[in-house]
Every structure is written in C-alpha cells, then in structure tokens.
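**Q** One structure, pasted below without further comment.
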Amino acid sequence: MKQKKLIVGNWKMNPQTGAVAGKIFDGIKKGIVTFKNTDVAMCPPVIFIPELSKKLSAATILGVQNVSASKEGAFTGEISIGMLAQFKVKYVILGHSERREMGETDFMISKKVESALNAKLSVILCVGEKERDEECTYLEMLRLQIENSLLNIPKGLLSKLVIAYEPVWAIGEKATGRIDPAGLLEIVIFIRKVLSGIYDQETAHSLKILYGGSVDEKNSEGFMKEGGVAGLLVGRASLNPKKFIEIVKIAENL
Ligand code: PEP
C-alpha cells in the first residue's frame, strides 16, 4: 500500500524573531497551496506557535520539538500537551538526538511518547546511532533505542506514530558523512524487523518511516524513491522556503 508522504521541518532554535518565523511560514504556505498528496508539518520553536497557528491553512500542519510527559503541575519550564492542543498542534518530535544529548533517556522519551499518543498527538520518534563501527554493534544500539523508546506503547496507540531514522553522524553542520539511498533502505528493513519483533509484521509494515540528516532538494528524491521511506525530517533546509518547497514538490510528484 502506498503511504501518503510526510515532510517535516524541524526549525530547531531558529529563527530569532516572530516576524521572521511568520515570513518563513507564509513563504512555505504560499508555495505548497496546491499540493494534495503530501502532509507538510512545520515544527517551529514553541514561542511562535500561537501566532503561526492563526496562519494555518488546509495544506499546513504545526508541530513542536518537545513536550512534557506530564499533564500539569510543578514542572518548571515545561509545556503540556493540553497547552498545545488549543493552538491546533498536531505533531511532536520526540527523542531527537539533540535532546538525547541534553540528557533525555529512552525511558523519558517512552513516557512522552505514551502521553502524546494517549492524547492523540502524532509522534515523530527519532532514532539513530551516533556513529558506525565495522562490527555493526550500532545495529544493536539502534534496536535497543527503538525497543526502549516504545516501552509500554501498546499496538492500539500506534496509528499516530511515525519513526524518523536520523543517524547522528549525518545530521547538521557537524555531519561527518552521508548515507546513500541503498544504505538507508537496509536500515529501514532493519527497523521494520525490530518493530515486527515488538509488535507483528503487519504493524511493522504499516508504520511510516522518515529519514532525516542533511536532507536537501538535491538528495531528497533518492531517499524517497530508493531508500524505502515515506517522507523526510528536514533541519537546515526547512528554514529556507525555496528549498523546503522544492523538497515537498519532489515528494508530491513521486
Ligand atoms: C535534524 O536535526 O533533525 C536534521 C535532520 O538536521 P539537518 O537536516 O540540518 O541535518
């Protein structure tokens, strides 16, 4: 079964003002207005969400980059799922390597995944190894990361779960390498095998898998055509409307 494509923009801690955030959002919104086959989610810093939610259209979706696992209470600095719901936020990125680097563990991530899915918020769960080794122990690490991040998540909650494979070594300015579509396909098969072990084959095949790591308008077609993924998680290129629209266009026409 052909899955609807999903392109997600992770704006990270950018841009620095609401005015620029509005411009980026408007630019992307204008460029994707006629697209129908691709879901497009933009995940800006949470402070821009209230203003951007007023700009939402049929072709645009808002997401965030983190959320608290708790509903309310004494959690200084945290944002709850309920607070986001009133601004029509539909997606949350969880387990991003930059948050894992700040100390988020698989256990903490699994709690957030559970809370978000229970609240009917779609989750983009990021997994990926820090580096590769010739003995392929990174595959074992990846397996554990997936299993632990999905601890206590029953099959019934999975309809709103998306897995994003993001090898840390291929992300951002500090990337030390690039994956090619054939290498990505191998990992996608591996991830489905792990999911099949936790759940079953049918569930494993129904889940959407995205790729993220230095995606741009030049390499995105290969990832989606030959890499076995149903979409992309885009960092830097998502802040450039022209590049991002081009990536969405490629997804739309596949
Ligand atoms: C990311 O950090 O999620 C990401 C994919 O970043 P970039 O596209 O900039 O490598």
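Quick note: the coordinates plus some simple rules give every number you see, no bench work behind them. Since this is a predicted model, take the numbers as computed values, not measurements. For neighbour counting, all protein chains shown are included, and Cβ atoms are generated from backbone atoms with ideal geometry for every residue, glycine included.
**Q** What is the sum of charges around G231, taking Lys and Arg as +1, Asp and Glu as -1, for the other residues whose C-beta is under 10 Å from the C-beta of G231?
**A** In short, +2.
**Q** Here is a follow-up. Please give every one of the aspartates and glutamates within straight-line cross-link reach of K29, meaning a C-alpha to C-alpha distance under 17 Å, and leave out same-chain neighbours fewer than 8 residues apart.
**A** D39, E51, E246, E252
**Q** Can you give the Rg/Rh ratio of the range 1-109, where Rg is from the C-alpha atoms and Rh is the Kirkwood radius?
**A** 0.98
**Q** Next question, about the same structure. Fewest Cβ neighbours within 10 Å first, please rank D216, D39 accordingly.
**A** D216, D39
**Q** So, one more: Write down, largest first, the equivalent ellipsoid semi-axes of the range 118-173 in whole Å, where each equals the square root of 5 times an eigenvalue of the alpha-carbon gyration tensor.
**A** Equivalent ellipsoid of the range 118-173: 25, 14, 6 Å, largest first.
**Q** Can I ask one more? Counting only residues 5 or more places away or on other chains, whose amide H sits under 5 Å from the amide H of I93 once H atoms are built in the peptide plane?
**A** Here V64, Q65, N66, I124 satisfy the definition.
**Q** OK, next. Given an 8 Å cut-off on Cα distances and at least 6 residues of separation, report the relative contact order of the chain as a percent.
**A** 22
**Q** For the chain, what log10 I(q)/I(0) values come out of the Debye formula at q = 0.09, 0.13, 0.17 1/Å, with one point per alpha carbon and no solvent?
**A** -0.36, -0.78, -1.41
**Q** Which links in K174/K225; K12/K36; K2/K208; K12/K193 stretch past 20 Å when you go from one Cα to the other?
**A** K174/K225; K12/K36; K12/K193
**Q** Next question. Looking at the range 55-128, which GluC sites (Glu not before Pro) are in a loop (DSSP not H, G, I, E or B) and have at most 16 other Cβ atoms within 10 Å?
**A** E72, E78
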